[in-house]
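The values are calculated or read from the model by the stated rules, or taken from the named source; none is laboratory data. What you see is a predicted model; the values in this text were computed from it and never measured. FYI the Cβ positions are ideal-geometry reconstructions off the backbone, even for glycines, and counts take in every protein chain you see. These area figures cover heavy atoms from the full protein model, side chains too; ligands, DNA and RNA do not enter into them. Shrake-Rupley method; radii C 1.70, N 1.55, O 1.52, S 1.80 Å.
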Amino acid sequence: MRFVFVAPQASRVSLVGDFNNWDTGANPMRRNAASDEWIVTVPLASGWHAYAFVIDETRWVNDPRAPLAPPDGLGGPRSVVVVEERGI
């Protein structure tokens with residue numbers, strides 16, 4: 001799954017989610033200087049996945065291009081992506 005986030009003022013962006021135990025160091029994103037987009041590709045199993053972006057190691061934000069996930073009881077922003085199972 002390819003994740004893209006626009007953050008022109010950021011010096012670092014990470015992808016966190018249930019697929020990497022919300023670890024800010026697991027999926028750092030690379031900046032495309034021409035577009036101010038931060039990009040990372042992560043293999044995801046089929047199913048429903050909650051995730052967020054972490055800007056400069058302190059600010060957690062949801063993905064403005066994706067639906068919000070239900071509240072997790074911790075008050076943090078979360079978006080959701082659904083990966084469909086591929087047929088053989």
Taking protein heavy atoms only, a 1.4 Å probe, and rounding to whole percent, the accessible area of the chain owed to carbon and sulfur comes out at 51
Expressed in square angstrom to the nearest 10, the accessible area of residue 60 with a 1.4 Å probe stands at 100
About its Cα centre, the chain carries a charge dipole, from +1 on Lys and Arg Cβ atoms and -1 on Asp and Glu Cβ atoms, whose size in debye to the nearest 20 is 200
With every protein chain kept in place and a 1.4 Å probe, the residues 68, 15, 44 fall, from largest accessible area down, as 68, 44, 15
In a Gaussian network model of the chain with springs linking alpha carbons closer than 10 Å, the residue among 77, 67, 28 that fluctuates most is 67
The size of the Cβ-based charge dipole (Lys, Arg +1; Asp, Glu -1) of segment 1-47 about the Cα centre, to the nearest 20 debye, is 140
Placing each pseudo-label 7 Å from Cα in the direction of the beta carbon, residue 83 and residue 2 end up separated by a distance in nanometres of 1.6
accessible surface per residue for the chain, probe 1.4 Å, DNA/RNA/ligands not counted, whole Å² -> 64
Per DSSP loop assignment and a cutoff of at most 13 other beta carbons within 10 Å, the chain keeps its longest run without exposed trypsin sites (Lys or Arg not before Pro) at 1-64
